[in-house]
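S.K.: Below is one structure. I have some questions about it.
The values are calculated or read from the model by the stated rules, or taken from the named source; none is laboratory data. Only a predicted model underlies this, so the values are computations on that prediction, with no experimental measurement involved. No Cβ is skipped: glycine too gets one built from the backbone with ideal geometry, and neighbour counts run over all protein chains shown. Side chains are part of the model used for accessible areas, which takes the heavy atoms of the whole protein and leaves out ligands, DNA and RNA. Shrake-Rupley method; radii C 1.70, N 1.55, O 1.52, S 1.80 Å.
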Amino acid sequence: MQTIIGTNIQEAAKFLNQQEVVAIPTETVYGLAGNALDDRAVAKIYAAKNRPAFNPLIIHVSSITEIEKYAELNNISSKLASAFMPGPLTLLLPKKTTVPDITTAGNTKVAIRVPKHSLTQALLRSISFPLAAPSANPSGYISPTLATHVYQGLHGKIPYILDGGPTTVGVESTIAEVCADHILLHRTGGVDELQLEAISGLPVRIPQDEAVPETPGQLKSHYAPNTPLYRGNIEKLIEEHNDKKIAIISFTKRYSGENITSYPLSTNESLAEAANQLFATLRKIDALDYDIILAEYFPTQGIGAAINDRIGRAQAEYK
Ligand code: TXA
Ligand code: MG
């Protein structure tokens, strides 16, 4: 199959109406989209990504009103939706029967979000169904933040990539679930813990380390580059690995040495900029011939928590 990269919304809609899958831009990362209500389209998403069938897909809709066709909102989830949608928040909600089981991998809850990207907003408004869309990378690799990243991983497997330029947030959406007396934060992202607490009035809890997490995509070792990644005190790690060709991912600091190349993610101490650069930088490093990647811990406030989470998953496999 030939894969075209373009900016034509009608062309993308045409493929989606034929139950084909199309990559779409969002503010977080690119998604691999198909008709969320059609078993054949959803099966094609799993196949193109080589994604295990037990790992459910997020549904993307154009507005909060649309959410109620597919899921139950209560007082607090409505408040969160009004505060953060469109935007980088996914809510895990009780599912209505309109959503087929294949989309949620049999879960009675459905994950839904309203993406904030003008092309994808226009696309959603031009079709008559919601879009199921996981990140548009082969299962297990780093999420794409550029149309060319999608092409590298999925060309030949999908007909069209809707090119909306570089994503602005750069890490996947926050996934939150409203429970009786707290909010469960299943995945950190562009909406942080303090924001969720401020709007909901409820404390935020992190699900405990589970062998089988309730959001199966949160299994450790995910988002991983092929080059081994170690995290910790950089000076110490450099000493331990002084015989190797090293790439270093840091917040702002530049490290120097004969065998070292530094990749600071921000020039002006901005965590938003660092999050935005993280995945593209990991991909760039992974395409060069480094023996290892060393990474710092980032400040934990705001989107820093999501940066630390993703770097942690990038290294898990090598522990
Ligand atoms: O920013 C994002 O959320 C991107 C863009 C494309 O929207 N999407 C994304 O999808 O990151 P994905 O599939 O790569 O990650 C979705 C996560 C997975 O961990 C999956 O297990 C979980 O959400 N998830 C989705 N639907 C679920 C459900 N019904 N129940 C539990 N977990 C769910
Ligand atoms: Mg993903």
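S.K.: Mind listing whichever residues of the range 34-51 are touching a strand residue (DSSP E or B) at 6+ places or on another chain (Cβ under 8 Å) and not hydrophobic (A, V, I, L, M, F, W, C)? Give the steps one after another, and end with the answer.
M.R.: Taking the range 34-51 as the starting set, the residues that turn out to be touching a strand residue (DSSP E or B) at 6+ places or on another chain (Cβ under 8 Å) are 34-36, 41-42, 44-45, 48-49.
Correct list: 34, 35, 44, 49.
S.K.: Another question, then. Tell me which residues, restricted to the range 51-64, are buried (at least 21 other Cβ atoms within 10 Å of the Cβ) and outside any loop (DSSP other than H, G, I, E, B).
M.R.: 59, 60
S.K.: With respect to the numbered conditions (1) touching a helix residue (DSSP H, G or I) at 6+ places or on another chain (Cβ under 7 Å); (2) buried (at least 22 other Cβ atoms within 10 Å of the Cβ), which one is the sole condition not fulfilled by residue 300?
M.R.: Failing condition for residue 300: (2).
S.K.: While we're looking at this one, here's another question. Give the number of residues within the range 29-44 that are in a loop (DSSP other than H, G, I, E, B) and within 12 Å of ligand 2 (Cβ to nearest atom).
M.R.: Taking the range 29-44 first, the residues in a loop (DSSP other than H, G, I, E, B) are 29-30, 36-38.
Those left that are additionally within 12 Å of ligand 2 (Cβ to nearest atom): 29-30.
Summing the residues that are in a loop (DSSP other than H, G, I, E, B) and within 12 Å of ligand 2 (Cβ to nearest atom) in the range 29-44 gives 2.
S.K.: Under 12 Å from the mean Cα position of the chain (by Cα), assigned to a loop (DSSP other than H, G, I, E, B) and either within 19 Å of residue 278 (Cβ to Cβ) or more than 12 Å from ligand 1 (Cβ to nearest atom) (or both), is that true of residue 128? Spell out the reasoning first.
M.R.: Values: under 12 Å from the mean Cα position of the chain (by Cα): no; assigned to a loop (DSSP other than H, G, I, E, B): yes; either within 19 Å of residue 278 (Cβ to Cβ) or more than 12 Å from ligand 1 (Cβ to nearest atom) (or both): yes.
In short, no.
S.K.: State whether one or more residues within the range 96-110 are assigned to a strand (DSSP E or B) and open to solvent by less than 10 Å² (accessible area, probe 1.4 Å). Talk me through it step by step, then tell me what you get.
M.R.: First, pick out the residues of the range 96-110 that are assigned to a strand (DSSP E or B): 109-110.
Narrowing the set further to residues that are open to solvent by less than 10 Å² (accessible area, probe 1.4 Å) leaves 110.
Yes, there is a match, as at least one residue in the range 96-110 is assigned to a strand (DSSP E or B) and open to solvent by less than 10 Å² (accessible area, probe 1.4 Å).
S.K.: Only residues that are assigned to a loop (DSSP other than H, G, I, E, B), open to solvent by 10 Å² or more (accessible area, probe 1.4 Å) and touching a strand residue (DSSP E or B) at 6+ places or on another chain (Cβ under 7 Å): list them for the range 12-28, please.
M.R.: Passing the criteria: only 19.
Yes or no, residue by residue, for (1) within 27 Å of residue 218 (Cα to Cα); (2) touching a strand residue (DSSP E or B) at 6+ places or on another chain (Cβ under 6 Å):
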position	(1), (2)
235	no, no
238	no, no
282	yes, no
285	yes, yes
289	no, no
293	yes, yes
304	yes, no
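S.K.: Being touching a Lys or Arg at 6+ places or on another chain (Cβ under 8 Å), of a type in the set (S, T, N, Q), surrounded by fewer than 22 Cβ atoms within 10 Å (Cβ to Cβ) and more than 21 Å from residue 93 (Cβ to Cβ) narrows it down to one of 128, 200, 118, 139, so name that one.
M.R.: One residue alone meets the criteria, 139.
S.K.: Of all residues in the range 70-114, which are on the phi < 0 side of the Ramachandran plot, in contact (Cβ under 8 Å) with a residue 60 or more places away in the chain and of a type outside the set (A, V, I, L, M, F, W, C)?
M.R.: Scanning the range 70-114 gives 70, 74, 77, 79, 88, 90, 98, 100, 103, 109, 113.
S.K.: Now, a different point. Write out, first by first residue and then by second, each pair whose Cβ atoms fall under 9 Å of each other, whose residues are 6+ apart or on separate chains, and whose first residue, in the range 1-16, is aromatic (Phe, Trp, Tyr) while the second is at pLDDT 95 or above.
M.R.: Short answer, once both residue conditions are applied: 15/21; 15/22; 15/158; 15/159; 15/160.
Results for (1) surrounded by fewer than 20 Cβ atoms within 10 Å (Cβ to Cβ); (2) under 21 Å from residue 144 (Cα atoms), shown as yes or no for each residue.
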{"residue": "8", "(1), (2)": "yes, yes"}
{"residue": "33", "(1), (2)": "no, yes"}
{"residue": "66", "(1), (2)": "yes, no"}
{"residue": "90", "(1), (2)": "no, yes"}
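S.K.: Taking the condition of being part of a loop (DSSP other than H, G, I, E, B) and more than 12 Å from ligand 1 (Cβ to nearest atom), how many residues in the range 168-186 meet it? Write out each step before concluding.
M.R.: First, pick out the residues of the range 168-186 that are part of a loop (DSSP other than H, G, I, E, B): 168-173, 179-182.
When the remaining residues are screened for being more than 12 Å from ligand 1 (Cβ to nearest atom), the result is 179-182.
Matching residues across the range 168-186 total 4.
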